[in-house]
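Trainee: Below is one structure. I have some questions about it.
Read-outs: derived from the displayed coordinates by stated rules, not from any lab. Note that the structure is predicted; figures quoted are calculated from it, not measured. Here the Cβ is made from the backbone with ideal geometry for all residues, glycine too, and neighbour counts use every protein chain on show.
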Amino acid sequence: MKLALSCMTAKEDSRASVDSARKQDLLETQLSALFEVSSVLSRSLNLSQTLREVVEVLHQRGRLSKGMVSLVDRETGDLLVSVLHEGGVAPFESVRYQPGEGVVGRILERNRPWVVPRVAEEPHFLDRLGVYDPQLPFIGVPIRVGEEGGVGVFAAQPPARDDLLRQRVLFLEMVANLIGQAVRLAHMVEDEQRELREERDKLRRQVRGNHGFDSIIGRTDAMKLIFDQVRQVAKWNTTVLIRGESGTGKELIADAIHYNSPRARNVFIKLNCAALPDNLLESELFGHEKGAFTGATVQRKGRFEQADGGTLFLDEIGEISPAFQGKLLRVLQEGEFERVGGIRTLKVDVRIIAATNRDLESEVRNGEFREDLYYRLNVMPIHMPSLRDRIEDVPDLARFLVAKIARTQQRDLTVTDSAVRVLMRYRWPGNVRELENCLERAAVMSAEGIIDRDIINLAGLDVAAADHDLAMPGGPTPTVDLDDPNLDERERVIAALEEAGWVQARAARLLNMTPRQIAYRIQTLKIKVRQF
Ligand SMILES: Nc1ncnc2c1ncn2[C@@H]1O[C@H](COP(=O)(O)OP(=O)(O)OP(=O)(O)O)[C@@H](O)[C@H]1O
Ligand SMILES: [Mg+2]
């Protein structure tokens, strides 16, 4: 009896020591696998790539096969299988579980590990992946991310039905913790990138809005022709030469061409050729090497290089010297140049838009502008009409510009119809820029934010001059519908006076009033009567 007892103890002892050796062995294996998993996860930001490596490590080192990570799709809330060890070429990608569905969905919902001792005996096991051995256990644990809670499920299959399941669950939970950190990081990067993308798209839309056709006012035939030309020319890489008097909107058109062209996403570089002397212009356009000249302490890229892939706007091209014209011709012809002080020939892909208010043809005739450069630039000319040739656009322009000024002054501004009629009688030698400046001065002087004819007068646009010296010879005299119900009393009287050449009796007749009545109104409405 005693002998039998001591025999039993010896047997138990040896089983216990085998058990502890197995546990020890598993622990060591798991520790080294954990170390490798953590280094895999810290190597890259590509989440699916690292997760693939993780399940591979678990298979090779951690004695766990069919490692599977499914993550919650942030849009639908479903669990999508991200990686499956030995899952082949992603047939698993279409597999999804809703929270609470099957074993995997329940792990997410309950936010607790689940050990299935034998897959074949678990009625909730859906086996959607169809890869698991039905005779073996299955362990799944939730992947948690700090406050966010469960973001996925990590599961695997141990190699045998043994009594080490508890240790394995602990191990899987540790790995799931590490995966959670990686998912958190990936979410942060994803969110940040999405925000940046949204910001970029918003800015692009804004830039497009600012430089699109909506910001170019004009309904006259002359402007419709310009819009057609811009639409056509924007599609191609053709060199464009924008001609026109100062202030006619040449730069605005250059913007519209670039921002409506296939190059809109690339850079748009502008250079005013009149602003720099020849030597500076050269290094500005072509760049320079370090030490090329006194002061060139570092190498610098020129505008041509900066504009590579995009558009370069050469404003006031008529101002460049004959010597520089030759240098420009080469880069326009060959797309090639060297930095100042450099020997390496650089090649760029740049679309050129140039602008000038000079009469280049007569300068070519006088030998001041190279003929070959003229033909290079004049591939697609766009002639901006002067404002006096499209005076019918003044009302729209005035209202648009007043709204623009109101935005910068952050207050309400309006322009009266009688003020607009005055603006329409002027010849505008400085074109839209002069109109803009005139309205800005008027706005500054208008305490109430109403720009009427008197303020326009005070703002430097002499109404008398507008009607006489600089008035449009034979220009359109805008006729006003005196019965227009939108016209207020003051506007109606002014319109009638204008129509009647400021002869009060005639104006009174137009308004079906007596001369006495109109005189009274002129006085009470504080209309300044012009004396001729
Ligand atoms: N059609 C238009 N619609 C709205 N604003 C315009 C229009 N044309 C010109 N402008 C405005 O007038 C001003 C002058 O325009 P821009 O600078 O494009 O003229 P420009 O022809 O380049 O003049 P310059 O020859 O003097 O350089 C700008 O503030 C511009 O926004
Ligand atoms: Mg300009």
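Trainee: Taking every DSSP beta bridge with both residues inside region 262-409, roughly what % is antiparallel (nearest 5)?
Mentor: The antiparallel proportion sits near 35 percent.
Trainee: Could you tell me which residue out of V230, G67, F337 lies farthest along the dipole of the chain toward its positive end? Charges go on the beta carbon: Lys and Arg +1, Asp and Glu -1, centred on the Cα centre.
Mentor: G67
Trainee: Here's a follow-up. Run through all the Cα pairs of region 21-60 and give the fraction in each 5 Å bin from 0, expressed as whole percent.
Mentor: Values per bin, smallest distances first: 6, 24, 28, 18, 11, 7, 4, 1.
Trainee: Mean projection of the alpha-carbon convex hull of region 122-187 over all orientations, in nm²?
Mentor: Convex hull of Cα atoms, orientation-averaged projection: 5.4 nm².
Trainee: Compute the length gained on full extension between S39 and D389: take 0.36 nm times their separation in residues and subtract their Cα-Cα distance, giving the result in nm to one decimal.
Mentor: Roughly 118.7 nm would be gained on extension.
Trainee: For region 357-461, which semi-axes, largest first and in whole Å, follow from the square roots of 5 times the eigenvalues of its Cα gyration tensor? Intermediate results must be reported in sequence, preceding the final value.
Mentor: Details: eigenvalues 270, 37, 28 Å².
Working from the Cα gyration tensor, I get semi-axes of 37, 14, 12 Å.
Trainee: With r defined as the distance between the Cβ atoms of R22 and R74 and R0 fixed at 35 Å, what FRET efficiency is calculated, to the nearest 0.05?
Mentor: 0.25
Trainee: Would you kindly derive the ³J(HN,Hα) couplings of region 221-235 from the backbone phi angles with the Karplus curve 6.51 cos²θ - 1.76 cosθ + 1.60 (θ = phi - 60°), listing them in order in whole Hz, with x for Gly and Pro?
Mentor: Working through the residues one at a time gives 4, 4, 7, 4, 4, 4, 4, 4, 4, 4, 4, 5, 6, 4, 5 Hz.
Trainee: To continue, here is another question. In the calculated pair distance distribution of region 219-273, what percentage of Cα-Cα distances lie above 14 Å?
Mentor: 58
Trainee: Subtract the Cα-Cα distance of A406 and Q523 from 0.36 nm times their separation in residues, and report this length gain in nm to one decimal.
Mentor: On the way: separation 117, 0.36 × 117 = 42.12 nm, distance 3.06 nm.
Here the answer is 39.1 nm.
Trainee: Pop the C-beta distance of N378 and E190 into the FRET formula with R0 = 41 Å and round what comes out to the nearest 0.05. It would help to have the intermediate numbers written out before the result.
Mentor: Values: r = 50 Å, r/R0 = 1.23.
My answer for the efficiency is 0.25.
Trainee: Could you work out how much longer the chain between A292 and N46 gets when fully extended? Use 0.36 nm per residue separation minus the Cα distance between them, nm to one decimal.
Mentor: That works out to 84.1 nm of additional length.
Trainee: Let me ask something additional. Using a 10 Å Cβ count of at most 15 others and DSSP loop calls, identify the longest part of the chain lacking such trypsin sites (Lys or Arg not before Pro).
Mentor: Result, exposed sites excluded: 412-525.
Trainee: Taking every eigenvalue of the Cα gyration tensor of region 138-251, multiplying by 5 and rooting it, what semi-axes result, largest first, whole Å?
Mentor: 65, 14, 10
Trainee: Per residue and in cubic angstrom, what volume does the convex hull of the Cα atoms of region 318-374 have?
Mentor: 84
Trainee: Once the principal axes of the Cα atoms of region 396-454 are found, what is the range along each, listed largest first in whole angstroms?
Mentor: Result for region 396-454: principal-axis Cα extents of 29, 20, 19 Å.
Trainee: Using the Karplus curve 6.51 cos²θ - 1.76 cosθ + 1.60 with θ = phi - 60°, what ³J(HN,Hα) values do you get for each residue of region 502-510, in whole Hz, with x for Gly and Pro?
Mentor: After applying 6.51 cos²θ - 1.76 cosθ + 1.60, I find 6, 8, 4, 5, 5, 4, 4, 4, 4 Hz.
Trainee: Still on this model: Of V83, A406, P117, which is farthest towards the positive pole of the chain's charge dipole, taken about the Cα centre with +1 and -1 on the beta-carbons of Lys, Arg and Asp, Glu respectively?
Mentor: About the Cα centre, the residue reaching furthest to the positive side is P117.
Trainee: Could you tally the net charge around I522, taking each other residue with its Cβ under 10 Å from the Cβ of I522, Lys/Arg +1 and Asp/Glu -1? All intermediate terms of the calculation are to be shown ahead of the outcome.
Mentor: Values: positive: R490, R521, K526, K528; negative: none.
Result for the local shell: +4.
Trainee: How big is region 184-301 by Rg and Dmax over its Cα atoms, in Å?
Mentor: Here Rg and the maximum Cα pair distance are 19.8, 59 Å.
Trainee: What is the ratio of the Cα radius of gyration of the chain to 2.2 N^0.38 Å, with N the residue count, to two decimals?
Mentor: This ratio for the chain stands at 1.67.
Trainee: Let me ask something else about it. Using θ = phi - 60° and the Karplus relation 6.51 cos²θ - 1.76 cosθ + 1.60, list the HN-Hα couplings for region 13-23 in order, rounded to whole Hz, with x at every Gly or Pro.
Mentor: Residue by residue, region 13-23 yields 4, 5, 5, 4, 6, 5, 4, 5, 5, 5, 4 Hz.
Trainee: Only bridges whose two residues both fall in the chain count here: according to DSSP, what percent of them are antiparallel, nearest 5?
Mentor: Here the antiparallel bridges make up roughly 60 percent for the chain.
Trainee: Per residue, what volume in Å³ does the convex hull of the Cα atoms of region 306-412 enclose?
Mentor: 168
Trainee: Still on this structure, I have one more. If you take every residue apart from A120 with its C-beta less than 13 Å away from the C-beta of A120, what net charge results, scoring Lys and Arg +1 and Asp and Glu -1?
Mentor: Numbers: positive: R118, R161; negative: E121, E122, D127, D133.
Here the charged neighbours net out to -2.
Trainee: Here's something else I'd like to know. Can you tell which of A519, L241, G212 lies farthest toward the positive end of the dipole of the chain, using +1 and -1 charges on the Cβ of basic and acidic side chains (Lys, Arg; Asp, Glu)?
Mentor: In the chain, that residue is G212.
Trainee: Regarding region 176-220, what's the average projected area of the Cα-atom convex hull, expressed in nm²?
Mentor: 3.1
Trainee: Let me ask something else about it. Using only the Cα atoms of region 16-157, construct the convex hull and provide its projected area averaged over every direction, in square nanometres to one decimal.
Mentor: Mean shadow area of the hull around the Cα atoms is 9.5 nm².
Trainee: Given an 8 Å cut-off on Cα distances and at least 6 residues of separation, report the relative contact order of the chain as a percent.
Mentor: 9 percent.
Trainee: How many angstrom separate the Cα center of region 274-341 from the Cα center of region 401-461?
Mentor: If we compute the Cα centre of each part, the gap is 40 Å.
Trainee: Amide H neighbours of H383 under 5 Å, counting only residues 5+ apart in sequence or on other chains, H built in-plane at 1.01 Å?
Mentor: Sorted by chain and number, the residues that satisfy this are R243.
Trainee: Moving on. All other residues with a Cβ under 11 Å from the Cβ of S321 taken together, and with Lys, Arg as +1 and Asp, Glu as -1, what is their net charge?
Mentor: That works out to -2.
Trainee: Still on this structure, I have one more. Report, by chain and number, residues whose modeled amide H sits under 5 Å from the one on E338, excluding near sequence neighbours (fewer than 5 apart, same chain).
Mentor: Amide H neighbours of E338, under 5 Å, 5+ apart: L346.
Trainee: Shifting gears a bit: Given a Förster distance of 35 angstrom, what is the FRET efficiency for M445 paired with E489, based on the Cβ-Cβ distance and rounded to 0.05?
Mentor: After rounding, the FRET efficiency stands at 0.90.
Trainee: Rounded to the nearest 5, what is the percent of antiparallel bridges among the DSSP beta bridges in region 251-342?
Mentor: Of those bridges, close to 25 percent are antiparallel.
Trainee: Once you charge only the Cβ atoms, +1 for Lys and Arg and -1 for Asp and Glu, what is the size of the charge dipole of region 325-415 about its Cα centre, to the nearest 20 debye? Present the calculation step by step, with values, prior to reporting the outcome.
Mentor: Values: 16 positive and 15 negative charges, 92 e Å.
With only Lys, Arg, Asp and Glu charged at Cβ, the dipole is about 440 debye.
Trainee: Another question about this same structure. Students often get this wrong, so check it: of K224/K528; K250/K327; K327/K404, which have C-alpha atoms separated by over 29 Å?
Mentor: Table pairs above 29 Å Cα-Cα are K224/K528; K327/K404.
Trainee: Okay, moving on. Placing +1 at every Lys and Arg Cβ and -1 at every Asp and Glu Cβ, with all other atoms neutral, what dipole size does the chain have around its Cα centre, in debye to the nearest 20?
Mentor: Around 520 debye, computed over the chain.
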